[in-house]
Every structure is written in C-alpha cells, then in structure tokens.
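A short write-up of the structure that comes next.
The values are calculated or read from the model by the stated rules, or taken from the named source; none is laboratory data. Because the structure is predicted, anything quoted here is derived from the model rather than measured. Quick reminder, even Gly has a Cβ in these numbers, built from the backbone with ideal geometry, and neighbours come from all protein chains shown. Please note that ligands, DNA and RNA were not included when accessible areas were found on the heavy atoms of the full protein model with its side chains. Shrake-Rupley method; radii C 1.70, N 1.55, O 1.52, S 1.80 Å.
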Amino acid sequence: MSVVSSVLVPYASYLRVYEPLAAFPEPERTHWARYAGRARIPTAQDELRRSLADLVATPPVGVPVHESADAFVAEVNGVVCVCPWRTRLRGWLALGELAEMFPAPVLDAVLPPVVRGQAVADHERWAERNPDARPWIRTAVWQVPVRWFVLFADEEREHTGADADGGAPVLRYRTPMVQARRRLARALKTLRESVDEGPLTEGLVDVGRWLEEFHPRALVELDYGGLVHALSAKQLAEDRSALDVAEGIAALQAGDSEGAGEAYGRLAERWRAVRDRQFAN
C-alpha cells in the first residue's frame, strides 16, 4: 500500500450530489448518521488509493467484489448530507466506457477479457435486483464537461492553493439542488431557442434527468479533483469557466452570437490545453 499511496490523484473531475439523511430509507439512514459522526471520514484520495490497490493486484480487480460503505460528508445549513461512494456501481458503469477510451490491445493488458466478462455478468445480475440504482458521483477524465459548469455561478467558486504542508490545491463549486436545476432549465431553454440540437443540449438533458433522481434539498458539487495537478497555480487562480459558460448563455439569450462565440472560445482554449496534456510524453 505504501507504493500506491505515493501516486498522485488521477486527472479526473467529479460531479457529486450530497443528500440529507432524510432522503435515505432505514437502515441506511442510521448507518450514514453514525458514519457522519466518525472522528475521521475517508477522503477522495483514500478512495483513489483503494481503487489503485485493486488495479495493481494479480489478477487486477476491475470492479470491487463488495459495495463500499463509505461516503463523503458535508453540512448544509446545519443539516448533515452524505454522498455515498458506491464504488462498485461506478466501477461497472466506467467499465462500459473503457472500450471507447483505449484500443483493444491496451484494454486487454490493463483488464484481461476474462476479468471484464465476469464484471459484466455480475453487473447484469445485480441490475436485475436493483433496476432504479444510480450513482451519486459522475466522473470525467482530463476535463470538466461544459454541461457541468451550467449548474454553478462564479460566486460559488471555492479555490485554495497548496498549503505549507504540501497539501494539494482545491478548486470546486457548490450549489443547492434547486439552483442547479433552475440554471440547467434556463440554459436548456436558451439553447433550444438559439441553436440546433447537439451534444451540449443532449448532455444537459442527461444531467437534468440524473439530478431529478435526488432530494430537492441536496447539495451539488463540482470538484476539479486531480485536474489541479494538470494546471499551474496561475491557471487555477484565473480559471473562471463557470463564468464563461454563464456569459455565453446570456449572450445567446440576448441574440449576441459574437459574444457567445467569444465566451465559448475562451472556455474551449482553456480545456483544449488540458486535454492535450493527456497525450504528452
């Protein structure tokens, strides 16, 4: 484990939903209430270290055998909210996306076909018993999807630099569920009235359906996660991606296609530079 713990966080960002304890049925509600009172709650780094430990095993464990009983915890206006990790479910969902990310020989080397086949069979059996299951966390690699920024306002941005003890910088946004849904609905209306249906519109519809699955008093969080290691301190300090998205949508609403193009251009250039690093030697 000492070798695994020294690995930097992967270059991924996260969209998370924290729900109040009242949203969970018993006995899960009691479990999370006790969990939230623990002296130390595992962090995102802890979750990643466990996942990396599974991958370096022989044979590799593509998807955990048992579902995680851990969660991220936040307090919203005095109300304890939790975001279950659901690592096993997310592992199954991520497994379905791997074929689009890696050539077959690379994928077979990372996760042999027999391992993937067993995971798929396990997921199919589990899904039959849990047809309404959904993850509380969405993940994107080497980017923050534009559609995620739609949910947040610039004033909700939280940025802290690296501390004296070597702690990594943090860049995140947090907003109440009601605000996230409202902004998404307004953006979707503007896009449908201004441009043809496309990936951004489809992506917003998908995110909107996902958000509808959660408690109306939940908290929505966008965390840059490991992407803080792909950006310089100056780039992090100057990043105003949510503002660029908001300005672009406002420009479209006002019929200012030039202003919308400029806002999108700033956003596209910023994230193109990050994605290009994925292929750097």
re the stretch 96-208: pairs of Cα atoms spaced beyond 21 Å account for a percent value of 61
Between the alpha carbon centres of the stretch 77-123 and the stretch 160-231 the gap in Å comes to 22
Cα-derived Rg over Rh, computed across the chain with Rh taken as Kirkwood radius
0.96
Please give me, ordered by residue number, the GluC sites (Glu not before Pro) of the stretch 189-281 that lie in loop per DSSP and have at most 16 other Cβ atoms within 10 Å.
197, 212, 213
About the Cα centre, charge dipole magnitude for the chain (Lys/Arg +1, Asp/Glu -1 at Cβ), debye
520
Taking R0 as 22 Å, what's the FRET efficiency between residue 209 and residue 126 from their Cβ-Cβ distance, rounded to 0.05?
0.55
When the accessible area of the chain is split by element with a 1.4 Å probe, what percent falls to carbon and sulfur?
53
At 1.567 mPa s and 4 °C, plugging the Kirkwood radius over alpha-carbon pairs of the stretch 190-278 into Stokes-Einstein gives what diffusion coefficient in µm²/s?
85
Contour minus Cα-Cα distance for residue 109 and residue 158 (0.36 nm per residue)
13.7 nm
The chain - percent relative contact order, Cα under 8 Å, separation 6 or more
25
Per the helix-only model, the chain has a calculated mean residue ellipticity at 222 nm (DSSP H runs of ≥4, -39500 (n - 2.57) each, divided over all residues, rounded to the nearest 500) of -14500 deg cm²/dmol
Note to self: with every protein chain in place and a 1.4 Å probe, the chain gives an accessible area per residue in Å² of 55
Starting from the amide H of residue 71, placed 1.01 Å from N in the peptide plane, find each other amide H under 5 Å away whose residue is 5 or more places distant or on another chain.
85
Which order do peptides 86-94, 145-153, 33-41 fall in by mean Cβ count within 10 Å, highest first?
145-153, 86-94, 33-41
